[in-house]
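What follows is one structure encoded as structure tokens, with my remarks underneath.
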Amino acid sequence: MVTNLSLPQKDIVRVYRKRAAIEDIIRELKGGFSFGKTDSSSFFANKARMWISVIASNLMRLMKSIALDDQQQSWTINTFRDRLLKIGGRVSLSTPAR
């Protein structure tokens with residue numbers, strides 16, 4: 001690791017681990033919740049969309065911490081959607097017997 005920080009080694013490693021964790025969170029927000037998408041010309045609309053993404057992410061994290069085991073805690077939002085939310089089903093229509 002190359003750095004210009006004048007801290008003890010343990011503190012430098014701690015700083016860079018925190019930075020990596022934040023970058024992972026931002027990557028998941030952008031990929032899973034369209035956090036970086038600003039398709040409106042209105043600043044307020046884009047800000048509201050970003051806040052909705054943040055709230056959805058926090059709710060998802062809370063749900064993961066409550067409902068999933070330790071191995072599943074590391075799932076990204078896309079894995080979570082694919083394995084738990086996108087459950088296939090079949091709709092059939094039957095006529096009642098007369």
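The values are calculated or read from the model by the stated rules, or taken from the named source; none is laboratory data. Nothing here was measured: the structure is a model prediction, and the numbers come from that model. With ideal geometry, Cβ positions are generated from the backbone for all residues, glycine too; neighbour counts draw on all protein chains shown. When the accessible area is computed, the model is the full protein with side chains, heavy atoms only, and any ligands, DNA or RNA have been set aside. Shrake-Rupley method; radii C 1.70, N 1.55, O 1.52, S 1.80 Å.
Annotations
- Calculated from backbone phi, Karplus (6.51, -1.76, 1.60) coupling profile of the range 37-48 in Hz, x at Gly/Pro: 7, 10, 9, 10, 7, 8, 4, 4, 5, 5, 5, 4
- Rolling a 1.4 Å probe over the protein chains gives Val54 an accessible area of about 40 Å².
- Segment Arg90-Lys37, extension gain: residue separation times 0.36 nm, minus the distance between their alpha carbons: 15.8 nm
- Positive dipole terminus of the chain, leading residue within Gly88, Leu59, Ile25 (C-beta point charges): Gly88
- Charges were assigned to the Cβ only: +1 to each Lys and Arg, -1 to each Asp and Glu. The resulting dipole of the chain about its Cα centre is roughly 220 debye.
- Cross-link partners of Lys18 among aspartates and glutamates (Cα-Cα below 20 Å; sequence separation of 8 or more within a chain): Glu28
- Label of the coordinate-derived value, volume of the Cα convex hull per residue in Å³, listed as (1) 135; (2) 212; (3) 88: (2)
- Per-residue extension of 0.36 nm, minus the Cα-Cα distance of Ala97 and Arg14, leaves a gain of 23.0 nm for this segment.
- Helix 9-33 axis, angle to the chain major axis (alpha carbon atoms, nearest 10°): 30 degrees
- Accessible-area composition of the chain, carbon plus sulfur, in percent [1.4 Å probe]: 57 percent
- Accessible area per residue for the chain, computed on protein heavy atoms with a 1.4 Å probe, is 87 Å².
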